[in-house]
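The next block holds one structure in the form of structure tokens; read it before the comments.
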């Protein structure tokens, strides 16, 4: 797929000195573009390259997430419009239409609470030392909460929310 999306200058400006290409992992692709036209070109190029080797794009699983744009022109594959969504999960991380990670953080908090509730009997046990309880907590709850935290856009609200959750648990 690399050759089908790398022709010409199709990267997006990530920082003042760095450009970001598409995100490819096994059979999951996240195509990135600066414009609707560029996205349509990339999508068509990937569809053509896939068809050339006997693969098809699953239109039901393919989604369009528009970040900070007013353009609503549809992106199509084989003349069929792809669905526009407000949030999208890619490799376990949720991104919203504003490019933020608030939804991902909310999801992680929910999963950490669930992990903690499964360990409630262990945490209330009189037979285990505090040290053992902390080690179990750190490996089973903290890791769930902070999974992929390095990809989150760090804001004071997210930091405050994570601290509050750790205190409440």
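A short reminder: the numbers here are calculations on the coordinates, not readings from a lab. Predicted model only: the values in this text are computed from it and were never measured. No Cβ is skipped: glycine too gets one built from the backbone with ideal geometry, and neighbour counts run over all protein chains shown.
Report the convex hull volume per residue for the range 63-169, counting only C-alpha atoms, in Å³.
113 Å³
Give the calculated FRET efficiency between residue 133 and residue 79 to the nearest 0.05, with a Förster radius of 45 Å applied to their Cβ-Cβ distance.
0.15
Just order 54-63, 140-149 by mean Cβ neighbour count inside 10 Å, highest at the front, would you?
The packing order, highest mean first, is 140-149, 54-63.
Mind checking the full-extension length gain between residue 87 and residue 37? Use 0.36 nm per residue of separation minus the Cα-Cα distance, one decimal, nm.
Length gained between residue 87 and residue 37: 15.9 nm.
For the ranges 118-124, 28-34, what's the packing order if you count other beta-carbon atoms within 10 Å of each residue, average per peptide, and put the highest first?
Result, highest mean first: 28-34, 118-124.
Quick check on packing: order 75-82, 102-109, 91-98 by the mean number of other C-beta atoms within 10 Å, highest mean leading.
Result, highest mean Cβ count within 10 Å first: 102-109, 91-98, 75-82.
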